[in-house]
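Below you'll find the structure, written out as structure tokens, and then a few comments.
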Amino acid sequence: MPELYPMNPTPPKTVRAFFSTLAGKLDPEAAEGLDAVYQFNLNGADGGQYQLQIRDGACQVSEGTHPDPHVTLAMSGEDCLKVLNGQVSGTMVAMTGRLRISGDMGLAMQLASLFPSLRP
């Protein structure tokens, strides 16, 4: 199967490893003026809760649950890694019902443009 994310030569092996490097992959220009909280609720063996706070071109990632996120993405840790490693598209995971999005759908759609190095 061809990789969807060839720009990522060493894909993360765990969800935690991915989220620990995510802040450095933000495109500050794309995030300029944005004030948003993304909540990731990942279940399964490589699951966990992560919050991604973006404010005026900066990104902060922390473990745990935010009390009032703008958008929440829920899926398995395994599916999350498959998306990040280019083995499956986020759209496909959503279309098959394995990704649930609640809150601001516009912010969810904007996520890929905030992290262009993760796109194909």
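The values are calculated or read from the model by the stated rules, or taken from the named source; none is laboratory data. Please read these numbers as outputs of a predicted model, since none were measured by experiment. A quick note on method: Cβ atoms are made from the backbone with ideal geometry, for glycine too, and the neighbour counts reach across all protein chains shown.
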Quiz prompt | From Asp104, Asp56, Asp68, residue being surrounded by fewer than 19 Cβ atoms within 10 Å (Cβ to Cβ) and on the phi > 0 side of the Ramachandran plot | solution = Asp56
Quiz item: Thr21 passes all but one of (1) modelled with pLDDT under 90; (2) part of a loop (DSSP other than H, G, I, E, B); (3) not hydrophobic (A, V, I, L, M, F, W, C); which number fails?
Solution: (2)
Exercise. Starting from segment 70-86, keep only residues that are within 9 Å of Val15 (Cβ to Cβ), then list their pairs with residues that are among the hydroxyl-bearing types (Ser, Thr, Tyr) and surrounded by fewer than 20 Cβ atoms within 10 Å (Cβ to Cβ) whose Cβ atoms are within a distance under 7 Å, requiring at least 6 positions of separation or different chains.
Key: none
Quiz item: Given the structure, is Asp79 of a type in the set (D, E, K, R) and either within 11 Å of the chain's Cα centre (by Cα) or in a loop (DSSP other than H, G, I, E, B) (or both)?
Solution: no
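Pick out the one residue from Ser113, Ser102 that is part of a strand (DSSP E or B), of a type in the set (S, T, N, Q) and either out of contact with any helix residue (DSSP H, G or I) (no Cβ under 6 Å at 6 or more places or on another chain) or at pLDDT below 90 (or both).
Ser102
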